[in-house]
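*Asks:* Next up is a structure, given as structure tokens.
FYI, it's all coordinate maths here, none of it is from the lab. Here the structure is a predicted model, which is why all the values come from computation and not from measurement. Here the Cβ positions follow ideal geometry from the backbone for every residue, glycine too, while neighbour counts run over all protein chains shown.
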Amino acid sequence: MSLYVTWGVFAAIPAQTGTWCSGSQSALDPAGPQSEQLAGLWWEFFDTSAIVYCLVIVIIVAALAFRMRRTLLPPEVHPAAFWENIRAWIVGGLTLATTVILFFLLIGDHVAGRAVRNPSTENAVKIRATGHQWWWDFRYEDPTPSNILTTANEIHIPIGRPVDFELQSADVIHSFWIPNLQGKRDMIPAKTAHSVMQADRAGTYWGQCAEFCGYQHAKMRFKLVAEPEADFQKWLAAARQPAVEPTTESQKKGKAVFLSRTCVMCHTIQGTTAGGMVGPELTHLASRSKIAAGSLPNTRGYLAGWIADPQQIKPGVRMPPNALPPDQLQALLDYLESLK
Amino acid sequence: MRRRFITWGAALAALAVCTSCKREIRDFRPETPEVDAIQLTPLTDYQVGGPGSVTVDPSATLISRPPKSYEENAQALSEGKRLYTNFNCYGCHAHGGGDMGPPLMDDKWIYGSKPEQIFSSIVAGRPNGMPAFGAKIPAYEVWQLAAYIRSMSGLVSKDAAPGRDDHMQTTPPENSAETAKPVSSSATEVETHP
């Protein structure tokens, strides 16, 4: 019975791969040369293991049937030595086959590993990524200091160009993983690591912390938008601008609330006196589609809930609850929503 | 029979009391302080964000009875330690040894060593440099900071005080800090530096 189930599962796999192996957070839906290698390696291992598994099952079934027939043969026809000989050949042959298969996998692993490990960083976009409990800080490096861009939880990269991530951690060990683009790389406190990847297909991909890092490890995601170079440059130019000045009375009041309350202690808004580096930077908050490191949609309601009581949404998160009077909260939301 | 019930009941009650150890409690949603209070107005023009930028917010500047449990709670003390770095206390006080600001790991307390005195030093500021943080730090975080600052001179529960630094260790860990009995613990006895 269980055999039928196993075969059934195997039969279903080719039909299901279409749905299992695609998506914006899947290592089996590669969007660049590095993840192509890794996905290829994964399928090489999967196919090899599947074939070996099927062969083993076939041999077990055959052996059971053959054994039954053998008992019917009289020993004079085939003496014990004959069987000994056959057994030696089978064991020797299978040992050799196993060795060959393992070497096949080893070589595949080695080739993929080399291809992934040292890609060219020529003309690469350099981004410093820092893991925090529980959000991501990104800094686009630039030889001109005024062009350095700091942002959080949402990044854009150009397609067809390598991106060199310099990985750091601000507190505990995190792991940087964008399944569609590259394998995991740990972020170790006080150490610097690099992860180089390239996206060849435009799209939105999700990154995820891949090393347990505390209470809200699961809600530590970031969004990566891969887009054509021209769009990327446009985004970069817009993102480098300081925050827009508030225009309405309510927005002005909201800015005053931001600067006089707890917000200002941890967050940065470029172009204001807010320069905290403890929490995510918020200069263009309204241009992002998610808040709280990819856990909530960036709408007024969710933003209000997040400001009022983040501990309800991500228990243990570093942001304190803010019991603002309603008029101050609404003004603050008006201001934050204007930060396009 | 009845006596046995009482014995077991007492034993279970004792167990319940023992296991509700304050050290391990993690309270992510601290209650807002109860009213029992002094209102604090900034004592100095030197305010975080510039003069006049620190507002007096009743909900954040009311001093309640200081949450005693914080001084016996590992989470509160380590959060205090994190905030001490995050809010740049070490910019002036270093990691306890003092720099531009007075040291915090010794037995001298210019404005008092009690948690509520430390609270008002942070919220309202002090003359000659200590800025007023006003409503910019939530009250419970100020209490966590106060508890941590007291741990620097060994005034809190040793089994709950932090045992290591995230940065290079420059001072003995707080849980092995020698208890420095406060020389001046009253806000009225202002000690002058030579």
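*Asks:* Residues of A:257-265, mean number of Cβ from any other protein chain within 10 Å of their own Cβ, rounded to a whole number?
*Replies:* 5
*Asks:* Let me ask something else about it. On a 0 to 90° scale, report how tilted helix A:2-20 is relative to the longest principal axis of chain A, with both axes built from alpha carbons and the result rounded to the nearest 10.
*Replies:* Between helix and principal axis, roughly 40 degrees.
*Asks:* Among the aspartates and glutamates, which fall within straight-line cross-link reach of residue A:314, defined as a Cα-Cα distance under 14 Å, with same-chain neighbours fewer than 8 residues apart omitted?
*Replies:* B:27
*Asks:* If you don't mind, another one. Placing one identical point scatterer on every Cα of region A:140-296 and ignoring solvent, what is log10 I(q)/I(0) from the Debye formula at q = 0.17, 0.18, 0.20, 0.21 Å⁻¹?
*Replies:* -1.16, -1.28, -1.48, -1.55
*Asks:* Is there a quick way to get the dipole size of chain A? I mean about its Cα centre, with the Cβ of Lys and Arg at +1 and of Asp and Glu at -1; what is the value in debye to the nearest 20?
*Replies:* Charge dipole of chain A: 460 debye, to the nearest 20.
*Asks:* Binned at 20 Å from 0, what are the whole-percent values of the Cα-Cα distance distribution for chain A, short to long?
*Replies:* Calculated over all Cα pairs of chain A, the distribution is 25, 42, 20, 10, 3, 0 percent.
*Asks:* Over the protein assembly as shown, what is the percentage of antiparallel beta bridges among all DSSP beta bridges, to the nearest 5?
*Replies:* Antiparallel bridges: around 70 percent, rounded to the nearest 5.
*Asks:* A further question follows. For a 25 Å ceiling on Cα separation, which of these pairs sit above it: A:184/A:290; A:234/A:255; B:22/B:136; B:81/B:181; A:219/B:22?
*Replies:* Distance filter (> 25 Å) returns A:234/A:255; B:22/B:136; A:219/B:22.
*Asks:* Relative contact order for chain A: what percent, with Cα pairs under 8 Å and sequence separation of 6 or more?
*Replies:* RCO, chain A: 15 percent.
*Asks:* Follow-up question, since we're still on this one. What whole-number distance in Å separates the alpha-carbon centres of region B:87-106 and region B:133-155?
*Replies:* Cα centres, region B:87-106 to region B:133-155: 14 Å.
*Asks:* GluC sites (Glu not before Pro), restricted to region A:113-184: which are DSSP loop and have at most 11 other Cβ atoms within 10 Å?
*Replies:* Sites meeting the loop and neighbour criteria: A:122.
*Asks:* Here's another thing I want to ask about it. Helix A:326-337 versus the longest principal axis of chain A: what is the Cα-based angle in degrees, 0 to 90, to the nearest 10?
*Replies:* Orientation of helix A:326-337: about 70 degrees from the principal axis.
*Asks:* Based on DSSP H runs of at least 4 residues, each adding -39500 (n - 2.57), what is the mean residue ellipticity at 222 nm of the protein assembly as shown after dividing by all its residues, to the nearest 500 deg cm²/dmol?
*Replies:* Rounded to the nearest 500, it is -13000 deg cm²/dmol.
*Asks:* Something else now. Please list A:82-92, A:265-275 highest first by mean number of surrounding beta-carbon atoms within 10 Å per residue.
*Replies:* Packing order, densest peptide first, comes out as A:265-275, A:82-92.
*Asks:* Quote the Stokes-Einstein diffusion coefficient, in whole µm² s⁻¹, for region A:107-205, based on the Kirkwood radius over alpha carbon pairs, a temperature of 4 °C and a viscosity of 1.567 mPa s.
*Replies:* 91 µm²/s
*Asks:* In debye to the nearest 20, how big a dipole does region A:290-337 give about its Cα centre with +1 on each Lys and Arg Cβ and -1 on each Asp and Glu Cβ?
*Replies:* 260 debye
*Asks:* Now, a different point. Please give the FRET efficiency for residue A:231 paired with residue B:169, using the beta carbon to beta carbon distance and R0 = 30 Å, rounded to the nearest 0.05.
*Replies:* Working from the Cβ atoms, E equals 0.05.
*Asks:* Now a separate question. Where in region B:86-193 are there trypsin sites (Lys or Arg not before Pro) that are in a DSSP coil and have at most 15 other Cβ atoms within 10 angstrom of their Cβ?
*Replies:* For trypsin sites (Lys or Arg not before Pro) across region B:86-193 that sit outside H, G, I, E and B with at most 15 neighbouring Cβ atoms in 10 Å, the list reads B:158, B:164.
*Asks:* Moving to a separate point now. Which chymotrypsin sites (Phe, Trp or Tyr not before Pro) from region A:161-222 combine a DSSP loop assignment with at most 15 other Cβ atoms within 10 Å?
*Replies:* A:212, A:215
*Asks:* Now a separate question. Helix A:249-260 sits at what angle to the longest principal axis of chain A, using alpha carbons and giving 0 to 90 degrees rounded to 10?
*Replies:* So the helix axis and the longest Cα principal axis differ by about 70 degrees.
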